[in-house]
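Engineer: Quick one: structure below, then a few questions.
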Amino acid sequence: MRKLVIAISMLALAGSAAFADPILDRQALMKERGKIVGGISKVVKGEEPYDAAAVLTALQALQANAEKVDVDALFPAGSDTGDTTAAPKIWEDMAGFKAANDKFIADVKAAAAAAPADVDTLKTQFDTIASNCGTCHQTYRVKKG
């Protein structure tokens with residue numbers, strides 16, 4: 001779990017740069033998000049021991065990541081081509097995409113604010129967060145290969 005905290009701290013520092021290329025920037029944020037979620041997932045699955053402080057740090061890092069996602073800046077018109085797995089559905093249904101992003105942010109904030117005291121509580125919160133990821137990926141992401 002100590003490795004998770006160190007990795008999250010490094011990712012948060014690396015992810016603080018201003019948006020330069022919307023495709024590369026959103027990919028970097030999603031890669032960071034995936035690493036954080038992956039670390040929490042290991043705890044939920046019992047692959048890593050439950051450590052309340054480390055879990056809270058991870059949830060706070062996930063919240064910070066989620067709050068960095070400025071949909072308008074990261075998904076401007078014309079950024080739907082190139083090396084991207086962002087589905088055309090994003091630009092066809094921008095309001096729905098923003099709503100999905102807002103729900104993710106709200107659920108992550110709620111989990112971080114609740115500071116899960118045990119792994120069972122974390123599992124419930126994580127299921128909600130992971131469900132948001134799955135729904136968004138199914139609707140707004142093109143599967144590679």
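Please treat every number below as a calculation from the coordinates, not as lab data. Just so you know, these numbers come straight off a predicted model, no measurement behind them. Every residue, glycine among them, receives a Cβ derived from its backbone with ideal geometry; neighbour counts consider all protein chains shown.
Engineer: Please tell me which of these pairs span more than 25 angstrom C-alpha to C-alpha: LYS109/LYS143; LYS31/LYS144; LYS89/LYS123?
Structural biologist: LYS109/LYS143; LYS89/LYS123
Engineer: Divide by every residue of the chain the summed helix terms, -39500 (n - 2.57) for each DSSP H run of at least 4, and state the resulting mean residue ellipticity at 222 nm, rounded to the nearest 500 deg cm²/dmol.
Structural biologist: -23500 deg cm²/dmol
Engineer: Answer rounded, prolate or oblate for segment 2-140, using the Cα gyration tensor with square roots of eigenvalues a ≥ b ≥ c: rounded when a/c is under 1.5, else prolate when a/b is larger than b/c, else oblate.
Structural biologist: prolate
Engineer: Mind grabbing the base-10 log of I(q)/I(0) for segment 70-110 at q = 0.34 Å⁻¹? Debye formula, identical points on the C-alpha positions, no solvent, two decimal places.
Structural biologist: Calculated log10 I(q)/I(0) at the listed q: -1.20.
Engineer: Which of GLY34, GLY96, GLY82 moves the most in a Gaussian network model of the chain with Cα springs under 10 Å?
Structural biologist: For the chain, modelled as a Gaussian network with Cα springs under 10 Å, the answer is GLY82.
Engineer: Where the only charges are on Cβ atoms (+1 Lys, Arg; -1 Asp, Glu), what is the dipole of the chain about its Cα centre, to the nearest 20 debye?
Structural biologist: I would put it at about 340 debye.
Engineer: Connecting C-alpha atoms closer than 10 Å in a GNM of the chain, tell me which of LYS103, LYS35, LYS45 has the biggest fluctuation.
Structural biologist: LYS45
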